[in-house]
1. What is the gain in length, in nm to one decimal, between A305 and D137 on full extension, counting 0.36 nm per residue of separation less the C-alpha to C-alpha distance?
2. Between helix 249-282 and the chain, what is the angle of the helix's C-alpha long axis to the longest principal axis, kept within 0 to 90° and rounded to the nearest 10?
3. Taking the Cα-to-Cβ direction at T123 and at K257 and moving 7 Å from each Cα, how far apart do the two end points lie in nm?
4. Could you give each residue of the range 108-120 its phi-based ³J(HN,Hα) in whole Hz, using Karplus coefficients 6.51, -1.76, 1.60 with θ = phi - 60°, and x for Gly or Pro?
5. What is the distance in Å between the Cα centroid of the range 70-117 and that of the range 253-324?
6. Obtain the nm distance between the two label points defined at Q54 and S24 by a simple spin-label model: each point lies 7 Å from its Cα along the Cα-to-C-beta direction.
7. Lys and Arg at +1, Asp and Glu at -1: add these up for the other residues within a Cβ distance under 14 Å of M329 and post the number.
8. Would you tally the net charge around S237, using a Cβ to Cβ cut-off of less than 15 Å, leaving S237 out, and scoring K and R as +1, D and E as -1?
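Nothing in this text is a laboratory measurement; each read-out follows from the coordinates by a stated rule. In this text the structure is predicted, and so the values were computed from the model without any measurement. Virtual Cβ from ideal backbone geometry, glycine too; neighbours counted across all protein chains shown.
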Amino acid sequence: MTIEPKEKNWRPQTQAVRGGSRRSAFDETNEAIFMTSGFVYENAEDAEAAFKNQTDRFIYSRYANPTNEMFQDRLCLMEGAEACRATASGMAAVFASLACQVSAGDRVVGSRALFGSCQFILTEILPRFGVEVIIVDGSDLDQWESALSKPTKAVFFETPSNPGLEIIDVRAICEMSHRSGAVVVVDNVFATPVLQHPLELEADIVVYSTTKHIDGQGRTMGGAILASEDWVNETLSPFYRHTGPSMSPFNAWVLLKALETLEMRVQKNCKSAAEIAKFLEEQKEPTRVLYPGLHSHPQHELAKAQMSDFGTVVCLDLDGKKERAFNFMNALQLIDISNNLGDAKSLTTHPATTTHQRISEEERSQLGITDGFIRLSIGLEDVEDLKEDIAQALSKV
Ligand SMILES: *Cc1c(COP(=O)(O)O)cnc(C)c1O
């Protein structure tokens, strides 16, 4: 679908409510769900023309679907991207964004501090197909410089990272990457489309797990890839059409509705997260509190420069001890134990034994993920109830 010129000038929250909306012949207020796998043709000639790409129409929902397009267009308008493809999960987005462009013999550079499955794609799957993958310490510009001194096909990183909340200098890495010929893919899940716009910082591709803040209410799995129209049409689209990571139209509809409230939810999450981070710093039990908004965060200034707020996740360490971490988590009465994040409900995770159990202890220690390290995803509850729950659980460690 083509985006109307007037839509392009709306401010982000107006885009979130109205961007990409298209009414059907029934003039509905709310966007419709087109739960259909296929579409029909007036005659055989129309079908032939559609398959020759001579007409602009829907063919099959593995390629495109009207509800998915409304969601993709809305997300594009919020992100400042030209084109988007929605995927069945965040991992499908990460994999497709890389697999659509690399071939055997290519070189990929990625940061060490990654979500467990992103790390698996880089270090286990891509090398199986003959792709050389170099892993660097994301906050060390010298390591990037030396890794990118040879021609490189793609660069991949998360900022802030999951769960170590490492901040990577998007603009600096993009400049170095482009000099080496690389296309930069940024996993922007922790920042959300509200807090950080990697494309404005010269990144080429942004990927999301929409399962997290974009849904924000724990209902659907999904992902999205955003980039220039040329890259999406020429590089991603053939891979996407023929390998089928597409999103269900039902999920696209849930997410289209979820975008309407994303900004409000994320702003409230950030406000509570900042308050909880400060509160944790005042307690005696945590040996470390990690939040990009705290002056004690090693890259606080960089976070301030490239993000409009500091995110919805706060981490703490209880003396590196698994027993203390488990005692804390088991004593929580309001905050749930779950590996998910970015939800309306506050959730806590012990990465060393769950999301990051697959990686070696040595690698975990490089990432600061000790046995006492706990991730808190701050939800939409009253922050006073959250603080009371945390305080009573800390008293039991
Ligand atoms: C959750 C997550 C993913 C994967 O998303 P799914 O929707 O679970 O497949 C990728 N990157 C980051 C940073 C994540 O937090």
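1. Values: separation 168, 0.36 × 168 = 60.48 nm, distance 2.03 nm.
Contour length minus the Cα-Cα distance gives 58.4 nm.
2. The helix 249-282 is inclined about 20 degrees to the chain.
3. 4.0 nm
4. Each residue's phi maps through the Karplus curve to give 10, 10, x, 8, 6, 7, 10, 4, x, 6, 5, 4, 4 Hz.
5. Rounded to whole Å, the Cα centres lie 24 Å apart.
6. 2.9 nm
7. -1
8. Values: positive: R62, R85, R241; negative: D56, E69, E82, E229, D230, E234.
Once all neighbours under 15 Å are counted, the net charge is -3.
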